[in-house]
RNA sequence: GUGCCUGUAGCUCAGCUGGAUAGAGCAACGGACUUCUAAUCCGUAGGUCAGGGGUUCGAAUCCCUUCAGGCACGCCA
């Protein structure tokens with residue numbers, strides 16, 4: 001639960017504030033309100049371990065050249081009792097801090113001691129957050145959009161857990177409303193066609209044309225025969241839809257499990273109708289003036305009177321829209337179940353609804369900032385350098401199940417999490433299964449396997465990973481060793497930023513960096529065969545690397561193989 | 001037409017609450033296995049940050065504009 005980097009940043013930041021105050025007292029600097037001092041880790045090694053641009057930021061306010069301000073800070077800073085061993089002014093006015101390597105050794109101790117918990121922080125303070133993702137219509141199999149949303153949502157949930165939030169993963173089942181009606185009508189048509197011939201009934205214009213509808217009807221007949229022919233149409237549709245929806249949901253559950261996703265809650269849209277929550281929500285909106293009757297329908301009137309697009313809540317045929325149940329659903333999330341923070345993952349094609357949803361939440365009297373909607377761009381599959389739209393085998397759109405069969409869970413999850421959600425994603429099916437250095441999944445997993453191999457080998461020779469207190473970590477001073485430790489020490493900070501930005505792709509890139517630093521270390525430094533104390537220190541470093549890679553992969557639910 | 005997203009090395013992408021010579025992986029080229037897994041490493045080369053204006057001591061980053069690609073604008077979800 002220790003974020004060493006953050007602690008050091010806070011320390012340095014405080015020292016600068018003190019130095020500035022002291023400079024003011026001495027009259028070196030005019031009196032002014034000290035702003036937040038941001039500390040960063042410079043990209044260039046030559047720019048120190050930590051750095052700040054505060055002097056340049058104060059230039060305008062103090063009407064003094066940044067060099068002079070930096071000098072004043074450096075002259076008045078007291079670094080006694082810290083890891084800082086040198087402070088320098090550099091470039092146009094940066095202040096760079098060089099630390100004693102001791103801070104890195106401290107970092108290793110933390111990793112070793114926290115082990116599986118290393119990386120966990122507590123910025124969430126146990127707040128209740130719901131991540132709702134995938135939420136696909138139960139009218140067919142999951143597609144590539146669901147696959148990306150699934151990986152993203154699950155990893156966002158994982159990151160937030162690591163950041164100290166109380167996370168609920170939820171799947172919203174759209175088992176009510178218009179599309180279920182259509183689904184039922186399509187099933188009914190196929191059912192009758194199968195029993196009485198193609199021309200017995202016309203297939204609905206806007207129905208679901210997929211092969212899977214016929215399969216559902218056929219399966220139903222296999223189980224229950226033609227019993228529904230005697231029922232009235234409404235009952236027939238209802239029974240067929242119930243059957244197929246249930247079947248689809250269980251298929252969806254299974255595929256998602258194969259994908260590594262386990263939900264805490266499967267929430268039924270229909271239940272909002274049955275519990276009366278939908279009705280209550282509409283009543284609330286009416287009573288508070290957020291609705292308008294027009295052309296026989298009930299419209300939502302946004303609390304933001306501006307140019308907000310209008311939307312129908314209840315159609316003129318009396319059937320509520322998806323938007324209406326979605327409002328009731330969010331009322332349920334926030335008010336009935338008391339979530340502090342709600343995150344929804346939507347495909348970018350739904351972006352037009354973000355403003356409307358937020359406005360609706362506001363109308364409910366809930367701060368819309370407590371709702372975050374993460375939009376992700378859609379996916380294009382590539383094979384042999386060409387876009388793939390259909391499965392060769394089935395001729396249908398490629399489903400998540402197909403993808404998992406072709407590339408496996410690890411590659412799928414890794415690839416979907418390599419890029420920021422906002423960027424378009426080209427998924428290279430050939431690359432995902434390649435067992436070469438072109439494929440980053442293997443690169444990272446290989447690093448882990450290599451580490452385990454070293455530990456295994458030494459253990460077979462009677463050398464165990466040593467305890468921290470019996471290891472002289474100060475022997476680790478090669479550049480590659482220090483670079484690797486520095487990388488490992490950044491992990492909690494990476495979790496923090498990923499949680500704040502809701503961008504787990506950052507962790508995927510981070511773990512590639514860790515693997516890279518490890519491989520460089522491996523080629524530069526020997527563990528086995530080094531002088532005993534050094535060997536022990538390196539073995540501990542290697543073990544810490546293992547811990548970090550494993551923890552990241554676990555969080556992303558990608559396997560960390562011990563042999564490859 | 002209106003709105004949103006994207007445009008950075010040959011390819012795929014980081015960087016985008018303004019800051020130090022614009023980073024990484026892959027591909028290309030040249031090297032490294034008698035020693036812990038070469039699924040690895042080291043090095044070289046590669047850029048008008050889509051174009052043009054502006055704000056600033058300073059812009060890939062902020063503002064305006066043009067161009068290109070994607071998406072959304074339903075009593076669908």
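The values are calculated or read from the model by the stated rules, or taken from the named source; none is laboratory data. What you see is a predicted model, and the numbers here were worked out from it, not measured in a lab. Here Cβ is always computed from backbone atoms with ideal geometry, including for glycine, and neighbour counts include all displayed protein chains.
You will find that of A:287, A:340, A:369, A:326, the residue that is closer than 27 Å to residue A:145 by Cα and away from RNA strand B (no atom under 13 Å from the Cβ) is A:369 and no other. Checking the stated criteria, residue A:516 turns out to be near RNA strand B (Cβ under 8 Å from one of its atoms) and either farther than 20 Å from residue A:6 by Cβ or surrounded by fewer than 18 Cβ atoms within 10 Å (Cβ to Cβ) (or both). Only one entry in A:149, A:126 is surrounded by fewer than 16 Cβ atoms within 10 Å (Cβ to Cβ), farther than 30 Å from residue A:60 by Cα and touching a strand residue (DSSP E or B) at 6+ places or on another chain (Cβ under 6 Å), namely A:126. Of the residues that make up the stretch A:530-542, is at least one modelled with pLDDT of 95 or more and under 26 Å from residue A:438 (Cα atoms)? Scanning the stretch A:530-542, I find at least one residue that is modelled with pLDDT of 95 or more and under 26 Å from residue A:438 (Cα atoms), so the answer is yes.
Yes/no matrix, rows are residues, columns are (1) under 15 Å from the mean Cα position of the chain (by Cα); (2) surrounded by 18 or more Cβ atoms within 10 Å (Cβ to Cβ); (3) within 14 Å of RNA strand B (Cβ to nearest atom); (4) more than 24 Å from residue A:416 (Cα to Cα):
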position	(1), (2), (3), (4)
A:132	yes, yes, yes, no
A:141	no, yes, no, no
A:154	yes, yes, no, no
A:162	yes, yes, no, no
A:167	yes, yes, no, no
A:173	no, yes, yes, no
A:178	no, no, yes, yes
A:206	no, no, yes, yes
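Just one of (1) within 12 Å of RNA strand B (Cβ to nearest atom); (2) under 30 Å from residue A:310 (Cα atoms); (3) modelled with pLDDT of 90 or more fails for residue A:423. It is (3).
For the stretch A:524-545, a residue qualifies if it is within 16 Å of residue A:449 (Cβ to Cβ) and within 12 Å of RNA strand B (Cβ to nearest atom), and the qualifying residues are A:527, A:542.
Criterion first (within 21 Å of residue A:6 (Cβ to Cβ), more than 10 Å from RNA strand B (Cβ to nearest atom), surrounded by 13 or more Cβ atoms within 10 Å (Cβ to Cβ) and in contact (Cβ under 8 Å) with a residue 24 or more places away in the chain) does residue A:95 satisfy it? So residue A:95 fails the test.
Screening the candidates A:79, A:52 for the property of being more than 9 Å from RNA strand B (Cβ to nearest atom), within 29 Å of residue A:494 (Cα to Cα) and modelled with pLDDT of 90 or more yields one hit, A:79.
Any idea which residue in the stretch A:362-391 is nearest to residue A:352 (Cα to Cα), counting only those that are surrounded by 14 or more Cβ atoms within 10 Å (Cβ to Cβ) and free of Cβ contacts under 8 Å to residues at least 24 places away in the same chain? Across the stretch A:362-391, the extreme among qualifying residues is A:368.
Put simply, of A:481, A:494, A:459, A:503 the only residue that is under 28 Å from residue A:156 (Cα atoms), out of contact with any strand residue (DSSP E or B) (no Cβ under 7 Å at 6 or more places or on another chain) and in a helix (DSSP H, G or I) is A:494.
Just a yes or no: is a residue in the stretch A:55-70 near RNA strand B (Cβ under 9 Å from one of its atoms), modelled with pLDDT under 85 and either outside any loop (DSSP other than H, G, I, E, B) or surrounded by 16 or more Cβ atoms within 10 Å (Cβ to Cβ) (or both)? Yes, there is a match, as at least one residue in the stretch A:55-70 is near RNA strand B (Cβ under 9 Å from one of its atoms), modelled with pLDDT under 85 and either outside any loop (DSSP other than H, G, I, E, B) or surrounded by 16 or more Cβ atoms within 10 Å (Cβ to Cβ) (or both). Which ones in the stretch A:40-83 are within 18 Å of residue A:486 (Cα to Cα) and out of contact with any helix residue (DSSP H, G or I) (no Cβ under 7 Å at 6 or more places or on another chain)? Passing the criteria: A:40, A:41, A:42, A:43, A:44, A:45, A:46, A:47, A:48, A:49, A:51. Using the structure shown, decide if residue A:503 is more than 8 Å from RNA strand B (Cβ to nearest atom) and more than 21 Å from residue A:442 (Cβ to Cβ). No; evaluated as a whole, the condition is false for this residue.
Number of residues in the stretch A:25-39 that are out of contact with any helix residue (DSSP H, G or I) (no Cβ under 6 Å at 6 or more places or on another chain) and within 13 Å of RNA strand B (Cβ to nearest atom) equals 3. Of everything in the stretch A:393-417 that is buried (at least 17 other Cβ atoms within 10 Å of the Cβ) and touching a strand residue (DSSP E or B) at 6+ places or on another chain (Cβ under 9 Å), the residue that is farthest from residue A:345 (Cα to Cα) is A:407. Checking the stretch A:11-23 against the condition returns a match, with at least one residue being more than 21 Å from residue A:484 (Cα to Cα), away from RNA strand B (no atom under 16 Å from the Cβ) and loosely packed, with under 13 Cβ neighbours inside 10 Å.
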